[in-house]
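Read-outs throughout are calculated quantities, based only on the coordinates presented, and are distinct from any laboratory measurement. Note that the structure is predicted; figures quoted are calculated from it, not measured. Every residue, glycine as well, gets a Cβ built from its backbone with ideal geometry; the counts of neighbours run over all protein chains shown.
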Amino acid sequence: MTLLLLKKMLFDPEFRKSVKMFKVSAPIYAFYAFGLLSDAGALPLLKKGASLGEVMRTHGLRNKKMLEHMLDFLVGQKVLTFRGGKYFFSRLPPEINEKNYAFLETHFPASVEWVEELRRHAPRVLKTGKTIAYTGFSRRKLLDLWDAIMREAPLPLREYAIEKFVHSVPEDARILDYGCGSGIGLESILKKSGKKVFLTGSDPSSKYLVLARKNLRKLYLTTKSGLVRENILRTKLINSASLPARKTYDIVFMSLVLNHVTAKKRIGLFKKVFRALNKGGRIVIFQITHASKHDRSPIFLMHVIPSHKDYPFRDELARDMHSVFGNASVKLNGSVFIAEK
């Protein structure tokens with residue numbers, strides 16, 4: 001455990017709550033995933049043992065990635081077993097712990113609302129293979145909800161990633177928050193930098209950038225720091241998913257971006273980041289990942305969202321970064337990835 005992580009666990013109650021959130025939510029996701037499979041009629045087949053393809057064909061399920069995510073996750077939760085290429089029913093998942101659910105409702109209300117919203121659409125998505133446009137990032141209600149979610153459990157973990165670079169960048173550093181969304185990462189960098197920096201936030205969603213401008217304006221009006229206000233005035237927001245083809249930035253930061261990028265396109269993206277970084281510059285990534293095939297992120301409901309491709313596997317992500325940058329370090333149990341040019 002690093003000194004920074006130790007300090008977070010000892011002295012940051014919000015960080016500890018976020019760690020607890022991910023721990024207690026896994027059995028709840030297992031209960032939901034098993035319920036989806038049962039409602040689809042898959043339980044009798046799984047009691048006999050079935051491959052992924054057999055489950056899909058027998059029950060007319062077309063969302064392969066979502067189904068595989070659910071099945072593998074349930075293996076990790078010991079609800080299913082996997083042998084000889086087939087999934088077998090092992091035991092019922094535990095009922096939802098009311099105390100843990102109350103903890104989530106109290107401390108992470110937006111996340112609970114978001115999960116319930118996606119659950120409504122999950123059976124249809126699993127059956128048809130078609131995602132729900134309504135759940136994407138083009139509707140204002142979902143944008144506001146996603147903004148609230150990003151201020152809950154991911155915030156202290158994202159700030160851990162930001163603290164891995166924000167105190168060591170030079171004066172006048174140029175920092176890109178690639179896929180900045182509503183600007184929450186930009187806010188954290190502005191609050192923590194303590195130096196004159198030139199920030200840029202880029203995102204393909206123009207509606208998200210409207211929200212980012214609103215959030216930065218609110219920070220400008222409420223902060224007591226003259227430096228923060230000056231850095232806000234230097235901050236640029238760009239409606240784009242492209243990267244410059246020349247050396248521009250000292251830091252390229254990404255937060256929960258790579259699950260919207262296919263595995264085949266990931267190395268290409270890293271090559272573009274490499275070109276956009278100054279010598280000695282770093283790419284810093286905060287990302288939910290799968291540890292392995294049967295040790296997956298519990299958040300299978302992300303497959304309802306149109307832009308979601310899948311969470312990357314931890315070792316594959318580190319390997320892709322190393323292939324481009326020649327180095328890669330992994331922090332925070334596979335949630336933070338850093339490479340230097």
Would you please give the residues with an amide H less than 5 Å from that of residue 281, counting only those at least 5 places away or on a separate chain, with H modeled from the backbone geometry? 341
Give the lysines reachable from residue 130 as a straight Cα distance under 20 Å; neighbours fewer than 8 places away on the same chain don't count. 64, 65, 309
Spacing of the two label points (7 Å from each Cα toward its C-beta) at residue 101 and residue 238, in nm: 4.6 nm
Surrounding net charge for residue 149, when Lys and Arg each add one and Asp and Glu each subtract one, Cβ distance under 13 Å: -3
Report the calculated FRET efficiency for residue 340 and residue 47 (r = Cβ-Cβ distance, R0 = 45 Å), to the nearest 0.05. 0.30
Give, as a single signed number, the net charge of other residues whose beta carbon lies under 13 Å from the beta carbon of residue 61, with Lys and Arg counted +1 and Asp and Glu -1. +4
Suppose each label sits 7 Å from its Cα in the direction of the beta carbon; what would the residue 278-residue 57 distance come out to in nanometres? 5.9 nm
Residue 256 long-range amide H proximity, modeled H, under 5 Å: 286, 287, 288
Burial ordering of 275, 266, fewest other beta-carbon atoms within 10 Å first: 275, 266
Karplus-derived 3J(HN,Hα) from phi for segment 332-340 (6.51 cos²θ - 1.76 cosθ + 1.60, θ = phi - 60°), whole Hz, x at Gly and Pro, runs 6, 6, x, 10, 10, 10, 9, 9, 10
MRE, 222 nm, helices only [DSSP H, n ≥ 4, -39500 (n - 2.57), over the chain, to nearest 500]: -16000 deg cm²/dmol
Nitroxide proxy distance, nm - points 7 Å out along Cα→Cβ at residue 171 and residue 12: 2.8 nm
For segment 225-330, what is the relative contact order in percent, using Cα pairs closer than 8 Å and at least 6 residues apart in sequence? 28 percent
Which of (i) 21.2; (ii) 22.0; (iii) 20.3 is the computed Kirkwood radius over Cα pairs in Å for the structure on display? (i)
May I ask you to evaluate 6.51 cos²θ - 1.76 cosθ + 1.60, the Karplus curve with θ = phi - 60°, for each residue of segment 4-21 and list the ³J(HN,Hα) values in order in whole Hz, giving x for glycine and proline? 4, 5, 4, 4, 4, 5, 7, 10, 10, x, 5, 5, 5, 5, 5, 4, 5, 4
Please compute the net charge surrounding residue 115, taking Lys and Arg as +1 and Asp and Glu as -1 over other residues with Cβ under 14 Å from its Cβ. -3
Long-range amide H partners of residue 249, meaning residues 5 or more apart or on another chain whose placed amide H is closer than 5 Å, are 277, 278
Note, segment 221-238: 3J(HN,Hα) by Karplus (6.51, -1.76, 1.60, θ = phi - 60°), whole Hz, Gly/Pro = x, goes 7, 9, 6, 9, 8, x, 5, 4, 5, 5, 5, 5, 5, 8, 6, 10, 10, 10
Can you give the relative contact order of the chain as a percent, counting alpha carbon pairs under 8 Å and 6+ residues apart? 17 percent
Evaluate the relative contact order of segment 153-340 (contact order divided by residue number), counting alpha-carbon pairs under 8 angstrom at least 6 apart; express in whole percent. 20 percent
